[in-house]
Each structure stands twice: as structure tokens, then as C-alpha cells.
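Enquirer: Following this message is one structure expressed as C-alpha cells.
Nothing in this text is a laboratory measurement; each read-out follows from the coordinates by a stated rule. Because the structure is a prediction, the values reported are computed rather than measured. Note that we place each Cβ from the backbone using ideal geometry, even for glycine, and neighbour counts take in every protein chain shown.
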Amino acid sequence: MPKRSLLTVGPAPATLTELFKRIEKKWGSVTWLPTTAAATSWLDGNPCAAVFLHAPDGLNEEALSFVEGAVAADLPCVVLAGRPSVAEAMAAARAGASEYVESPFAWAALDAALGRFLGEGGTELVADSEPQGCAAIVGKSDRMAKVFTLIKKVCDTDTTVLVRGESGTGKELIAQALHYEGTRRNGPFIAVNCGAIPGELLESELFGHEKGAFTHAIRTRMGRFELAHGGTVFLDEISEMSPMLQVKLLRVLQERKFERIGGTRTIQSDFRIVAATNRDLDQEVAEGRFREDLYYRLNVIPIEAPPLRERKGDIALLIDYFIEKFNRVRQKKISGVTPEAMRQLLHYPWPGNVRELENTVERMVILAAGRELAVEDLPDRVVGTLPAATAAQDVHEIPGEGFFLNEVVADFEKRLIVQALDQTSWVRNRAAKLLNVNRTTLIEKMKRFGLMQSENGT
């Protein structure tokens, strides 16, 4: 197969260059140019199979003009949106962009886009591929073990699966595991974020359109359902789909048949649907925002993606994984986390789940002053969330790598002593009575924990 030439325009952050190194191994050489002006000049004298436009700060008039020029030259153009919005997605579509991919950028989305433009001719080197299936999900807690068991049971079926869970819990990773663990692993995995694409564009994304079907439909385009033949379609944020599209999706689920927009030919495609939502679909159905018949069609096999606060035993594993990842991407040499910083991280409730943890570790790795991530590297929202009276009670699950019992007990004892002293205005006699210990015993413990300088009374 002749080596293809790909062009990427715009800033080249480390996380994106790592993805394009993998693209280069599979699809062909990648040229990076910083500006659209430089890219326009380069295209005048060089062959090119596809263009990626990285727009971290949004699409301006110059960028949209570049997209129009690439499309006029019959080049597929993918917009990598750093600040995605409905208005920008529509502007990109009007300019003729073939794809509008949102940050954070994933290998599966870029690989699928190139597969649609260039065919399935690329061959990725196995030694450099990332883990797939359940191996790509970090976790050994009981909650995740149940998820892995369910994935193994249903991966080889074509039954529709609904993955439910809060934002940032890894619902797409579960969908990918269902795909790569099953018989469809060699087919395409195509992800569609129903909440990020405007309703008027989502129909075209899913079903495709014929040339001239609407304004700016300058060429016939295959939809995601058609492109997913032999593979899996992942419909994220399914609850955001419009009522009209819900009706059309119901028919696709029942018959696996559809027509492109503006077309009359019925297309049949063999694919599996995995959907995901962070909303309570029972409530959405009750309030009339989601079709009941579609809900029952989707909810054949429900899988719950547990929030991070319910799988605390995985936090240390995830932190180690992210440190290794960002050491590689950011060219750092962080060796680990100090015990006190780890205690703070284990206690923090992580409302943003694994995504918040990943972003926090990345920030700490970038800003860390030493070789270990310490308390001073933690964001303010994480520091100080560990209450003195409940520190020991909050160990719901012992981390997989274990901890030092004496250290945890000593820390808890110190916190109780400080709390007793605070409640008694640091009068040691009264504090000793609260703790039911001798005054001399209390003083010895205060000396051991370095609390004597803090006393305000006798």
C-alpha cells in the first residue's frame, strides 16, 4: 500500500502529538504546520489524503476559509474543536468540514474518521497499540469486577446495551470493551455524542445524506449507521436526542434498515448499538421527554458505571496509571505520591469521577516541584476535605496496594487529640478527661506528635 500523506494544521500539544504518532504508524506520514497560511502554501505543491485542523480557541473566519478551500480541492477536512459549541459545529458543517471532533480527542474517533475517508487499508503495529477491551479499564474493586463479568457475558451477543452512570465514570470505555471483547472486534467502533451535535446535523451524521439533499450538501455522505457495518455504534448522551430522531432510531433498532436524507433507497446495515446516558431515563420517560418504547428497546441489558466514590480501592491504581501516562506525555519523572497527599486524594469525593482525577493528576504532574506529588501540589478543592473525627471510618475499602496500619492509626490518634484539645481550649486536664487517658499520657503523645508548640493553655 502506498504511504499516504496527511496534514495537521494548528498547535501541537503533547497529548495530540501522541495520538498522531499512532496515526502515522497506521495511516501514513503526518506533516504539522502551525498556520493555515503555511498549510495553504504546502498544499499547492504536495499531495495530501486528508487534513486535520486543530482549533483550540475556536474557528475564526480564516480557519473557516481554509476549510472551504480544502473541501474545494476535494480533500476531507476534520476539525479538532478545542472549545466545541453548537454554533461552531454548524459553521464547520456549512464550510464543508467532513468531521467535527470534540476535545478531549480519542484515538477511536480519529481512526474511524480516517477509515471513512481512506478505506480500511491501514495496518497498525500491534506492539505500539494501546490495551483494548477490559484491559483498557483500570480497576480491581468489587464494583468493577461485576462490570467486567457482565461485559464478558454479553459481549458476543448483538443485544442492545444501555450504559448508565455519572459524567466521567468511563461509559465509553465500557462500550469499547463490549466491542473489543466480542465477535465484532475487527469491525469499526463508531462513537457519536448525541448531545454535542445539533439536532439538524445529527440526523445527517447517523443516516447520511445524498448530494443536494439540503443546502451545502455538496457530496453524498455515508452516515454512521452505514459505516458501522460489521461493528458497533456507540450513542453517547442518548437522552439528548430529539423526539423526531428517537422515532427514526426506534425503526433502526427494530429493522436495521434506513434511508439517507434525500434518498429513496433502503439501506441495510449489520451493527450493534450501545447507548449511554448520565440521566435517569425512567424519570425522562415519566416526564415525556424520552419515548417509552425506545427506552425499553435500549434497556435490554443495563450496565451501571459506578462513580469513583464507590470504588475507592481503585483510586491509587488510577493515580499510578495517570502518573505513568503523563510522565510519558509531559516528559516528567514523577516517582509517586507522598502518604499524606494520597490520604487527601483517597478521601476527596471526586464529583467529576475518573475524568476529574485524571485532570487533577495531570495538573499535579506538570506543576510538581519534587519527584513525588505532595500535599502542596494538590488543588485547593482537594486539600482539607479529610475530617478529623471520621478519618478512620472512611476507609470503606483497603486499596489494592495496601497501606501502613501503624501510620493510619497514628494519624487518626493525632487528629482525635487535636480535636479534644480544640474543644477544651487546649486545657490539657480537660482534654485528657475527654479522651479518658491520664494527663501524663496525653502530654507524652502530644510530644510524640509535635503538638506542644501549639498549646494555648495548661
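Enquirer: How would you classify segment 309-377 from its alpha-carbon gyration tensor, with a ≥ b ≥ c the square roots of the eigenvalues: rounded for a/c under 1.5, else prolate if a/b is greater than b/c, otherwise oblate? Write out the running numbers ahead of the final one.
Expert: Working: a/c = 1.85, a/b = 1.42, b/c = 1.30.
Verdict is prolate for segment 309-377.
Enquirer: What is the sum of charges around ARG272, taking Lys and Arg as +1, Asp and Glu as -1, for the other residues whose C-beta is under 14 Å from the C-beta of ARG272? Walk me through the numbers on the way to the answer.
Expert: On the way: positive: ARG184, ARG185, ARG224, ARG256, ARG297; negative: ASP156, ASP158, GLU181, ASP270.
Net of charged neighbours comes to +1.
Enquirer: Decide, for segment 238-366, between rounded, prolate and oblate: order the square roots of the alpha carbon gyration tensor eigenvalues as a ≥ b ≥ c, take rounded if a/c falls under 1.5, and otherwise choose prolate if a/b is larger than b/c, else oblate.
Expert: Working: a/c = 3.60, a/b = 2.19, b/c = 1.64.
Prolate, since a/c reaches 1.5 and a/b exceeds b/c.
Enquirer: If R₀ is 56 angstrom, what is the calculated FRET efficiency for the pair TRP42 and GLU200, using the beta carbon separation as r and rounding to 0.05? Display every interim value, and only then the final one.
Expert: On the way: r = 34 Å, r/R0 = 0.61.
So, using R0 = 56 Å, E works out to roughly 0.95.
Enquirer: How tilted is helix 315-330 with respect to the longest principal axis of the chain? Cα atoms for both, answer in degrees (0 to 90, nearest 10).
Expert: Roughly 60 degrees, rounded to the nearest 10.
Enquirer: When 1/r is averaged over all different Cα pairs and the result inverted, which Kirkwood radius in Å belongs to segment 405-454?
Expert: Details: mean 1/r = 0.0930 Å⁻¹.
Hydrodynamic radius (Kirkwood, Cα only) of segment 405-454 equals 10.8 Å.
Enquirer: Using all C-alpha to C-alpha distances in segment 1-55, build P(r) with 10 Å bins and read off the rounded percent in each one.
Expert: Bin by bin from 0 Å, the calculated values are 24, 56, 19, 0.
Enquirer: For GLU62, what is the net charge nearby, where nearby means another residue's Cβ is under 15 Å from its Cβ and Lys, Arg count +1, Asp, Glu -1?
Expert: On the way: positive: none; negative: ASP57, GLU61, GLU68, GLU88.
Its environment carries a net charge of -4.
Enquirer: Right, something else. Answer with one residue from GLN132, VAL375, VAL163: the one whose Cα lies farthest towards the positive end of the charge dipole of the chain, charges on Cβ with Lys, Arg +1 and Asp, Glu -1.
Expert: Of the candidates, VAL375 comes out farthest on the positive side.
Enquirer: Now, a different point. Please identify the trypsin sites (Lys or Arg not before Pro) of segment 284-353 that satisfy two criteria: DSSP loop assignment and at most 11 other Cβ atoms within 10 Å. Which are they? Provide the component values of the computation, followed by the final result.
Expert: On the way: sites: ARG289, ARG291, ARG297, ARG309, ARG311, LYS312, LYS325, ARG328, ARG330, LYS332, LYS333, ARG343; in loops: ARG289, ARG291, ARG311, LYS332, LYS333.
Filter output for segment 284-353: LYS333.
Enquirer: What is the distance in Å between the Cα centroid of segment 167-224 and that of segment 38-113?
Expert: For segment 167-224 versus segment 38-113, the Cα centre distance is 17 Å.
Enquirer: Work out how much length THR220 to THR264 would gain on full extension: take 0.36 nm times their residue separation and subtract the Cα-Cα distance, in nm to one decimal.
Expert: Working: separation 44, 0.36 × 44 = 15.84 nm, distance 1.32 nm.
Here the answer is 14.5 nm.
Enquirer: Cross-link partners among aspartates and glutamates for LYS25, C-alpha distance below 16 Å, same-chain residues fewer than 8 apart left out?
Expert: ASP111, GLU120, GLU124, ASP128, GLU130
Enquirer: Among all the lysines, which ones have a C-alpha under 24 Å from LYS445's C-alpha, if same-chain residues fewer than 8 places away are not counted?
Expert: LYS414, LYS433
Enquirer: Roughly how compact is segment 147-306, stated as its Cα Rg over 2.2 N^0.38 Å to two decimals? Write down the numbers at each step before the final one.
Expert: On the way: Rg = 15.4 Å, N = 160, 2.2 N^0.38 = 15.1 Å.
Against the compact-globule rule of thumb, the ratio is 1.02.
Enquirer: Run the reach check for LYS257 against lysines, Cα to Cα strictly under 18 Å, same-chain hits fewer than 8 apart removed. What comes back?
Expert: Once the sequence-local lysines are set aside, what remains near LYS257 is LYS248.
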